[in-house]
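Reviewing the structure listed below.
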Number of protein chains: 2
Amino acid sequence: MKLTLLLLLAAAACAQGPIRGFSQEGAVRERALESKLLAVPDARRIEAHMKAMASEPHHAGSPASRKVAEYALRQLRAAGLEAKIETFEALLPYPQSRLLTMGKFSARLAEPNFAEDPDSTDRNQLPTYNAYSADGDVTAPLVYVNYGVPEDYEYLKKQGIDVRGKIVLARYGQSWRGVKPKVAAEHGAIGCLIYSDPKDDGYFRGDVYPAGAYRCEYGVQRGSVMDMSIHVGDPLSPGFASEPGGARRLTRGEAKTLMAIPVLPISYGDAKPLLEALAGPLAPENWRGALPIPYKLGPGATPVRLKLTHDWGTRPVHNVIATIPGSVAPDEWVIYGNHHDAWVNGANDPVSGAAAVLETARAFGELYKTGWRPRRTLVFALWDAEEFGLIGSTEWVEKHLPELKQKAVAYFNSDSNGKGPLGLGASPALNLFLEQIARDSKDPATGESILPALLKVQRPFEPGPLGSGSDYVGFVHHAGIAGVNFGFSGSTGGVYHSIYDSFAWYKRFSDGEFIYGRGLAQVAALSLARMSEAPIVPFEFTRAAATIRRYWREVDKLAADKNVGLPNVAAALDELDAAARQFEARYATAGRGTREVYLTERALLLPDGLPGRPWYRNAISAPGQYTGYGAKTIAGVRESLELGQRQQAVAQARAFSAAIANYAAAIHAAAAKLQP
Amino acid sequence: MKLTLLLLLAAAACAQGPIRGFSQEGAVRERALESKLLAVPDARRIEAHMKAMASEPHHAGSPASRKVAEYALRQLRAAGLEAKIETFEALLPYPQSRLLTMGKFSARLAEPNFAEDPDSTDRNQLPTYNAYSADGDVTAPLVYVNYGVPEDYEYLKKQGIDVRGKIVLARYGQSWRGVKPKVAAEHGAIGCLIYSDPKDDGYFRGDVYPAGAYRCEYGVQRGSVMDMSIHVGDPLSPGFASEPGGARRLTRGEAKTLMAIPVLPISYGDAKPLLEALAGPLAPENWRGALPIPYKLGPGATPVRLKLTHDWGTRPVHNVIATIPGSVAPDEWVIYGNHHDAWVNGANDPVSGAAAVLETARAFGELYKTGWRPRRTLVFALWDAEEFGLIGSTEWVEKHLPELKQKAVAYFNSDSNGKGPLGLGASPALNLFLEQIARDSKDPATGESILPALLKVQRPFEPGPLGSGSDYVGFVHHAGIAGVNFGFSGSTGGVYHSIYDSFAWYKRFSDGEFIYGRGLAQVAALSLARMSEAPIVPFEFTRAAATIRRYWREVDKLAADKNVGLPNVAAALDELDAAARQFEARYATAGRGTREVYLTERALLLPDGLPGRPWYRNAISAPGQYTGYGAKTIAGVRESLELGQRQQAVAQARAFSAAIANYAAAIHAAAAKLQP
């Protein structure tokens, strides 16, 4: 390259801002690479992938899921990657019989077919059910419990309404669905129904499918009710991989994440007669949904019968894994994954994201075909059985744990993608990295930088903490790998986990031009290119330290509110600040780093894990035990305080302090190894 | 009375607190009188009155309304009072034809009969309509305008939705019904429908009638849509009485309070198909009611036809007036009224309050029969045609205006009464008086003083300002007579102005034991006894001044927010404080007062009235032009500011300042006449 051109490019690059991990000159070369990568993803190919992968119901364990895995395999190989299917086995129960009656009323428990959407008439749809519900045949009066979170039961108690021995009816929303039957069982309920209220995703929101995007009268949200607060992955292989034919398994009796009581999701069409039959006091105003009835707490005069059996089958789980080996540091892995299994056709969830992975992989594949080699190894994954409990990704993490602990630089994850703003959650060490990704990524609709809109919502820029809900959990919360979850967050209307999450629905009501799909492939390509090519892994710790300090302040305030004296963690937090500053001082003149930079993240693992759930080991965040998907930061301390466990809170604060001290030490070590 | 007894009673009276207007010894005698009065009202008699007066539909102008007036006349005479019926004539239009269609849909426009409530099957029910709606036959697309207040039209405008030439569909609530078609017409709409959304008083609130108290699918709220912001009373006799056979009348063309466009109230059963047919954008979340549909703004594809004719009849209005002449000051009148006309049977509205008037009158009548005489003259009134526009009371005020200006000490008003807390609105000079009434009145359910509960809601104790909605308007806003509006405010469920406001409904869902009816009769008896017997009329001005100053601060802040420089009224407010203090200083040693004490209230009349509506003359409060019933304090200034009329706001502030200066001068004059 001629000097003038290089200077011109350098000036241009400077105007675009620095890139973490790269020298000024390195950034120029990086931007040249990025512009080639970003040119590859193609909206028409996204559309074609979606059509193909969402063409039939392909729930985990089904032959159709295997077919989708094979489609992805072919695509990745065609793109020039080394790709394989890595199969596990897991407990994936399908429903055998479902009955819900009240006197003469028998619930429909089926979603109608619509001529307007041929996919709604597909064969082999999984009936509406909640995976990992207990089998059972219970008959009892019904009580309405609103969203079924602990405060709802406190309210019922104040009204003198006891759910012991009752069946509860909860509505979807606010908490993750698996929390609802768990809390119900903790309060003595013997069965749980979960329905989609039209206020939350039905006609109150707009026209219902097929006229509009929202949930129709008999549309149902399927979904897992595994107790994911304990651990994720196959319930019978906690902490180890469930390989096909492998001997090591728990019995169902030993498993800790199966739901204790029968639980069934139902439509508002089926819920209405049940709610209408309730007696008792009127529910408070914020408990009332949009059904044309007075919402009462119950119980009603006529008992409800809920009878469920499941086949408790062990079924194959097919992950698709593709790689482009690194040239400089082949044993440092930058990973991007998205699940491919769906509850039914799953055009939005997950195919919209899975299609983007295929296009991101193709972008690198195209360059790879020309002889280009990444510095680090790129790994692309399409996970199976996410819907049942993040099973494909978790088993893979558990199987490869020792290797991942050494090699995994960072894990990027996406899932459903839609027409909306970019959503971001991440490990704090990636705050700066992601701000630069947002700065250099374009809004698919306007072509403008994504960053200003994100700064309008929150300044300084700070991605949210990672909770649960997609395949990053094993990487982040169990293995201590820095993680990112991203995607354009469009409305999923009212088709989530129903037979109507189809290509036809997605085309009409979401990213019908597939430009957000292309946009996600580009954001991912940019992220992977920088994470894989940066001479120094682009972690940054001063902003991580600020985020962690903020989390601590919240927890500390909670402790003060509850009159709990926590041990002082100021020394550890100060040491973290000092380490971060020292790292930056060395970084300013450094040209190369070592794997110690990304290994810092491992220091944040709690040796004993979180109280009562040792599988979760991340000191910074975890999925809440009573929120489900929602992240709790410094969960060991926070949840101990919330549950009134004072001594445990103190012990957890010590463990947190130790983790932060370890983190600071690891950052010092990484700084020491930075080289000019 | 022996001295010991007197001393004992004095000690007891002292423990019960002083009574405004009475010496310590006078208070002892007063309490003895009060205990006799309070023993008279009887729940069983309240029940009997209600059964009798609510036994058939008795809308104003009907023979049944005359029958109810005659019933009250007999009761008052039997109680020993001088009583008569004073008849006026007014324009009381009844509906002739009503049609509402959209394509093949034809609205039912009728309330179903229920076997559970024989009154719902009564003959001679007035059909569902809005009195003073224009006649018309309009066909146009429909637009949903939420509550139909000005801000709703601003929102529609921002969405690009123009109501010119359209029919609008508004829901009941937030603003008084007559404001809705008025605002609609101001925005160019050619017709208006008003429906009762189930969110506001239907199944969202509880079980619907006859299972529960709330509005059933085809229940309709009748009501007047006279433009009461201009003036109340007969539209054809503004400011003067419409006596039978009287020659002086406006033509309908000259009347200013008739609605310009056709308007019809409908049920949610009839509104649902109309709303369902609307296209256009989804209405914002706080516009959506509880019908099981997506609420859209419209317009819809199919035009709506609204065809209405009315008979425009002039009909008799029968007020019942009863008196007990005063012994010391027969030309000072203490008045208590409640209307007797109803839209249909009206057990709650107004019979629950009218029955209390009869029992209050009987309490005084019983004493009167024993030879007791009140100091001042007591006047009891049962007004007719309140529902059409406060017509009976207003015509009476207009007829007797010169006499009332001299003689009226205060006007007490009640209306619907129910099972709930005591509600109070009043002229500020009665703040202290009413605090003592509340202190010495017992909650009908608990037997405890009413005051502590009121102080929990607002401290210091301060009754709200008087707006509109019942018969005090002519007295307070036109004649400048100190007013009180009181009643126990139970929920009216969803039967307001429907055929279901029946004795059966009231017995089941409101004050079924009639103890709140007795309670109202007792509160009224206590109030009248003190207002009539106090040697010094029990007005108090320091707290009045504080209330008025607070109102001014609100208006002043509004002016500052709008960058309007108002003339300084501080001097007038300071002078009011000084006058109030001087009055108190003299009061401390005074034993008697003159009529100048109550005539102070006249000084608050604005000589030119409010902008655009000279009939309304009260400087302190008025019904809002765009709220209807809701009071606007210092309305001349406040509404000028709200409407962006800066110069008018300045002029109104001057007028307000002058009124306050007059008020201060009148208080000085009253103070000067206080005697030992």
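Where a number appears in this text, it was derived from the coordinates with a stated rule and is not lab data. These figures come from a predicted structure and were not determined experimentally. Neighbour counts are summed over all protein chains in view; Cβ atoms, including those assigned to glycine, are modelled from backbone coordinates with ideal geometry.
Listed values, structure above:
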quantity	calculated
B:Asp608-B:Ala279 pseudo-label distance in nm [points 7 Å out on the Cα-to-Cβ vector]	5.1
Whole-Hz couplings from phi, Karplus 6.51/-1.76/1.60, listed for segment A:612-620; x for Gly and Pro	x, 8, x, 4, 8, 10, 7, 6, 8
Segment B:542-672: C-alpha gyration tensor shape, a/c 1.5 cut-off, then a/b vs b/c	prolate
Potential extension, A:Arg29-A:Glu243 segment - 0.36 nm per residue separation minus Cα distance	72.8 nm
Beta carbon of chain B nearest to the axis of the rotation taking B to A, residue and angstrom distance	B:Pro292, 2
Selection of trypsin sites (Lys or Arg not before Pro), segment A:463-562, meeting DSSP coil and at most 13 other Cβ within 10 Å	A:Lys562
For residues of B:292-300, the mean tally of beta carbons on other chains within 10 Å	4
Peptide B:200-213 - average C-beta neighbours from other chains (10 Å radius)	3
For B:Glu86, B:Glu554, order by how many other beta-carbon atoms lie within 10 Å, fewest first	B:Glu554, B:Glu86
Nm distances between copies for B:Val328, ranked from closest, using label points 7 Å along Cα→Cβ	10.5
Helical mean residue ellipticity (222 nm; -39500 (n - 2.57) per DSSP H run of 4+; nearest 500) of chain B	-11000 deg cm²/dmol
Under 5 Å, built H, 5+ apart or other chain: amide partners of A:Lys296	A:Ala283
Percent antiparallel among DSSP beta bridges (both partners in segment A:404-555, rounded to 5)	60
Residue-by-residue Karplus 3J(HN,Hα) for segment A:553-563, coefficients 6.51, -1.76, 1.60, Hz, glycine and proline x	4, 4, 5, 4, 5, 4, 4, 4, 4, 9, 6
Antiparallel bridge percentage (DSSP; both residues within chain B; nearest 5)	60
Integer Hz, Karplus 6.51/-1.76/1.60 couplings in order for segment B:45-58, x for Gly and Pro	5, 4, 4, 5, 4, 5, 4, 5, 6, 9, 6, 8, x, 9
Net charge of Cβ neighbours under 10 Å - reference B:Asp227; Lys, Arg +1; Asp, Glu -1	+3
Beta bridge orientation in segment A:295-436: antiparallel %, DSSP, nearest 5	30
Copy-to-copy label separations for B:Pro281, where each label sits 7 Å from Cα toward Cβ, in nm and ascending	4.0
Mean projection area, nm², convex hull over Cα of the protein assembly as shown	57.8
Over chain A, relative contact order from alpha-carbon pairs under 8 Å, at least 6 apart, %	18
Projected area, mean over directions - chain A, Cα convex hull, nm²	28.4
Fewest-first ranking of A:Thr128, B:Thr370, B:Thr323, using other Cβ atoms within 10 Å as the exposure measure	B:Thr370, B:Thr323, A:Thr128
Acute angle (nearest 10 degrees) that the helix A:63-78 long axis makes with the longest principal axis of chain A, alpha-carbon atoms	10
Under 5 Å, built H, 5+ apart or other chain: amide partners of B:Gly423	B:Gly487, B:Phe488, B:Ser489
Average other protein chain Cβ within 10 Å of Cβ, residues B:278-290	2
Segment A:92-181: GluC sites (Glu not before Pro) in DSSP coil with no more than 14 other Cβ atoms inside 10 Å	A:Glu116
Segment A:95-312: relative contact order as a whole-number percent, Cα under 8 Å and 6+ apart	33
With Cα atoms, 0 to 90° folded angle of helix A:24-38 axis to chain A main axis	50
Spacing of the two label points (7 Å from each Cα toward its C-beta) at A:Asp561 and B:Tyr629, in nm	3.9
Sites matching trypsin sites (Lys or Arg not before Pro) across segment A:132-210 that sit in DSSP coil, with at most 10 neighbouring C-beta atoms within 10 Å	A:Arg164
Ranked list, fewest to most other Cβ atoms within 10 Å of each Cβ, for A:Glu359, A:Glu70	A:Glu70, A:Glu359
Partner lysines for B:Lys36 [C-alpha distance under 22 Å; skip if fewer than 8 residues away on the same chain]	B:Lys2, B:Lys369, B:Lys442
Around B:His478: net Lys/Arg minus Asp/Glu count, Cβ-Cβ under 10 Å	0
Förster-model FRET efficiency, 25 Å R0, A:Arg646 and A:Arg581, C-beta, rounded to 0.05	0.10
Under-5 Å amide H pairs with A:Asn413, H placed in peptide plane, nonlocal only	A:Gly337, A:Val484, A:Asn485, A:Phe486
Counted charge near B:Ile293, where neighbours are those whose Cβ lies closer than 10 Å (Asp, Glu -1; Lys, Arg +1)	+1
Nearest-first distances (nm) between copies at A:Gly103, label 7 Å from Cα via Cβ	3.5
